[in-house]
Structures are given as C-alpha cells and as structure tokens.
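Visitor: One structure, as structure tokens, below. Some questions next.
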Amino acid sequence: MMKITIKDIAEKANVSVATVSRVVNNKSKGVGEDTRKRILELVEEYNYQPSAVARGLVTKKSKIIGLIIPDLTNPFYPKMAKGIEDEASKHGYNIILCDGNNSMDKEAAYLDFLGEHYVCGIIYNNFKNISDTILNKILKSSLPLVFIDSKPEIKGCKCVYLDNHKAMYDMIEYLIHNGHRRIGFMTGPLDSYSINERYKGYLKALEDNGIAIDSDLVVQGEYAIKDGYDAMERLLETGTDMTAVACCNDLMAIGAMEKIEELGMCVPEDISVVGFDNIEMTRLVRPKLTTVAQPIYDMGREAARMIINIIEGHGKHTQDNLVFEPSLVIRDSVKKIEK
C-alpha cells in the first residue's frame, strides 16, 4: 500500500491541503468542528504521518537544514556533518546533505535547490572564495545561513571556524624548536580562507624566528592523498635541502609520506612530515602522524546551534564569529635535530 499523503487526506475530506495542515499541526482556528473531526478520523484511519516537506509546501517553512560541503570523500567532512546532524536532531531538525564536489557551479545549483525546497536555513562550507554568482544568491536570499570552516567577507555573516593562522604558526614553531630551519610547505588552493590563513601562519613563524623565506620550499596541491604524493615529488625535484615538510591537511601529508618512502627514504629519519586536521588515519599510518587537531565534531555542533538560534528568532543574541582554538597532536613523524 502506498503511503498516504496530505493531498490524499484533503481529497477524501473534500477540503484544501492548507486546511488539513492546520488541523494536523493543531492550528485549526477557523476550521469548522465537523470538518476538523472528519480530518482527524481520516488521519487515524489511514495512519497519516505529516512530513516535513508537506508542512514546508504549505507554510513555506520546515524543520530541515541544508548542509553544503565541498567533498564528502574527505574524512574531515563526515565528522563535521555528524556533529551538525547530532545537534540538529536534538532540536527536532533534519539535514539535507549536499556534496559540492569541489565545484562552484554545483554549489550554486545546490543553493537554488535548497531555497526551492523550503529548508529553513543553510550551513555552508565554501572551500574556495565565494564567486560573484554565489555571493549574489546569498545576498538575495532571506534564508538564515551560517558558514563553517570559513570566514567570507560578507557583512554580518555568522561563522564557525578554527584559528588557522595560530594553528600553523604553532606547528612551524614546533618544528623550529626541534631544530628544523629548512621547512617545506604544502598548501591547498590559496583561494581558500583556511589555507590562506595557514600559509600566513607559516610565513609569520619563519619571520619571527629569523628564517628567510624560500619560494622553492612552497608547493601547491589539492586536498587528496594523490595531490600530496605529486606535490612531494615536485618539492624533491627542486633539489632543495629541507629537513621537514608541513602539509595543509592530513591526506596530503599521507601522500607525501608515501612518496618519500617510495624513493627509499624514511620518515622522520630523512624528512619529517606534519599534517593538519587529525583525521582517524593519522593514528594508523606508520610512523603515526604529528598533526593539528581541529575540533571538527564540536565545530559542527556549534554551527547547528547557531543556525537553529537564528531560525528560531534568537539571531540578535548570537555572536557573529565563533573561533575554535587548535591543538598540536605530537606523534612519531618529526625528528629532533641536535644542534
């Protein structure tokens, strides 16, 4: 038997969908008592369960939050999504997950899709800088929106993110304190807020410790193991003498370690490697990877709390920026160089 819909109940009661919605949502003011009873009898007879989508079609509101992320295959994002979903569920909200697949066009299409399907708010992780197309959609939309792991230059926007500058600064200082002065740096795309901040942290740590910046030690990649592998190959091809490489995420660091070992060298004996994010794989590779821990799950929960506060009318009491502090996770992938 097919699941009965609000439209079916309306047809059987010979009333409008809006009337059925008012009755099942206990907002039946203006509906006659006989009509109300007939609708409730039909609801019980057919075991009708009102859906969030059906409510949204009538009220133009729902308890559904859209979540746009750039790449579901990156282990960083499922953990973030888990935090968001757990917190949303506590408050009676559901999540629609949209994987942008690192495509601005796809993210723009998802913004349209979510707006058309009556979600009540959006949590958005724009990995790269916002395009004019997406910016215009955001500015024209009346939907509440919270950015996570990002801080775009949009007046009054609400953001949850890590202090990326401090995180990378602290990691480079850790390497320097362990005797490393020729430190390679593996970036992701520099048109990403978080990557740009990490790069600035790298440069500032070198400057504060009197170490000259060498552009040959900086190489750009993407956020996957293969990109780390390829970027490490490019770094080594320059022939520059480096004792350590800092990577802007753990997947690239794991790819870098693979390339180093393929060439017959060892981590950390020949080159020390550090990552960023503290995904589960960092405890499983050998040597275990030293990295920056992001409170990914907690960031997701706070983003959900923030968007729900805005949806429920408490936005004026919600801070614009919630900044999380990083922490270093020291494992086995860094060698101490004796002076």
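The values are calculated or read from the model by the stated rules, or taken from the named source; none is laboratory data. Predicted model only: the values in this text are computed from it and were never measured. Reconstructed Cβ throughout: ideal geometry from the backbone, glycine too, with neighbour counts over all protein chains shown. Just the protein is used for accessible areas: all its heavy atoms, side chains included, with ligands, DNA and RNA removed. Shrake-Rupley method; radii C 1.70, N 1.55, O 1.52, S 1.80 Å.
Visitor: Just checking, does segment 278-286 include any residue being open to solvent by less than 20 Å² (accessible area, probe 1.4 Å), over 30 Å from TYR93 (Cβ atoms) and either outside any loop (DSSP other than H, G, I, E, B) or touching an Asp or Glu at 6+ places or on another chain (Cβ under 7 Å) (or both)?
Guide: Yes; the residues of segment 278-286 include at least one that is open to solvent by less than 20 Å² (accessible area, probe 1.4 Å), over 30 Å from TYR93 (Cβ atoms) and either outside any loop (DSSP other than H, G, I, E, B) or touching an Asp or Glu at 6+ places or on another chain (Cβ under 7 Å) (or both).
Visitor: Let me ask you something else. With (1) among the small types (Gly, Ala, Ser); (2) closer than 24 Å to GLU197 by Cα; (3) open to solvent by 10 Å² or more (accessible area, probe 1.4 Å) as the list, and GLY115 as the residue in question, which single condition is left unmet?
Guide: GLY115 satisfies all of (1) among the small types (Gly, Ala, Ser); (2) closer than 24 Å to GLU197 by Cα; (3) open to solvent by 10 Å² or more (accessible area, probe 1.4 Å) except (2).
Visitor: If you scan segment 287-304, which residues turn out to be buried (at least 20 other Cβ atoms within 10 Å of the Cβ) and assigned to a helix (DSSP H, G or I)?
Guide: ILE296, MET299, GLY300, ARG301, ALA303, ALA304
Visitor: Okay, moving on. What number of residues in segment 236-258 are closer than 25 Å to PRO70 by Cβ and crowded, with 19+ Cβ neighbours inside 10 Å?
Guide: Residues flagged as closer than 25 Å to PRO70 by Cβ and crowded, with 19+ Cβ neighbours inside 10 Å within segment 236-258 amount to 13.
Visitor: Next question, about the same structure. For the list (1) closer than 15 Å to CYS157 by Cβ; (2) outside any loop (DSSP other than H, G, I, E, B); (3) touching a helix residue (DSSP H, G or I) at 6+ places or on another chain (Cβ under 9 Å), I need the number of the one condition that LEU328 fails.
Guide: Condition not satisfied by LEU328: (1).
Visitor: Determine which single condition ILE337 fails, assuming it passes every other condition in (1) assigned to a helix (DSSP H, G or I); (2) touching a Gly at 6+ places or on another chain (Cβ under 8 Å).
Guide: Just one mismatch for ILE337, condition (1).
Visitor: For segment 286-306, check the following and say yes or no: at least one residue is within 26 Å of GLU197 (Cβ to Cβ) and of a type in the set (Asp, Glu).
Guide: Yes, segment 286-306 contains a residue that is within 26 Å of GLU197 (Cβ to Cβ) and of a type in the set (Asp, Glu).
Visitor: Suppose the filter is assigned to a helix (DSSP H, G or I), within 23 Å of CYS120 (Cβ to Cβ), out of contact with any helix residue (DSSP H, G or I) (no Cβ under 8 Å at 6 or more places or on another chain) and at pLDDT below 90; does ARG22 pass it?
Guide: Yes: the conditions hold for ARG22.
Visitor: Might you check whether a residue that is farther than 26 Å from GLU338 by Cβ and either in contact with a strand residue (DSSP E or B) (Cβ under 7 Å, 6 or more places away or on another chain) or without any contact (Cβ under 8 Å) to a residue 12 or more places away in the chain (or both) occurs anywhere in segment 197-214?
Guide: Checked segment 197-214: at least one residue is farther than 26 Å from GLU338 by Cβ and either in contact with a strand residue (DSSP E or B) (Cβ under 7 Å, 6 or more places away or on another chain) or without any contact (Cβ under 8 Å) to a residue 12 or more places away in the chain (or both).
Visitor: Within segment 137-176, track down each residue that is of a type in the set (Val, Ile, Thr) and at pLDDT 90 or above.
Guide: VAL146, ILE148, VAL160, ILE172, ILE176
Visitor: Okay, next question. Would you mind stating whether ASN178 is surrounded by fewer than 21 Cβ atoms within 10 Å (Cβ to Cβ) and polar (S, T, N, Q)?
Guide: yes
Visitor: Restricting attention to segment 123-147, report how many residues are assigned to a strand (DSSP E or B) and either among the hydroxyl-bearing types (Ser, Thr, Tyr) or farther than 21 Å from PRO189 by Cα (or both).
Guide: Summing the residues that are assigned to a strand (DSSP E or B) and either among the hydroxyl-bearing types (Ser, Thr, Tyr) or farther than 21 Å from PRO189 by Cα (or both) in segment 123-147 gives 4.
Visitor: Got a number for residues in segment 81-105 being modelled with pLDDT of 90 or more and part of a helix (DSSP H, G or I)?
Guide: Count: 10.
Visitor: Here is a follow-up. Within segment 1-23, track down each residue that is crowded, with 19+ Cβ neighbours inside 10 Å, closer than 12 Å to VAL43 by Cα and of a type outside the set (Gly, Ala, Ser).
Guide: Hits for segment 1-23 are ILE6, ILE9, VAL20, VAL23.
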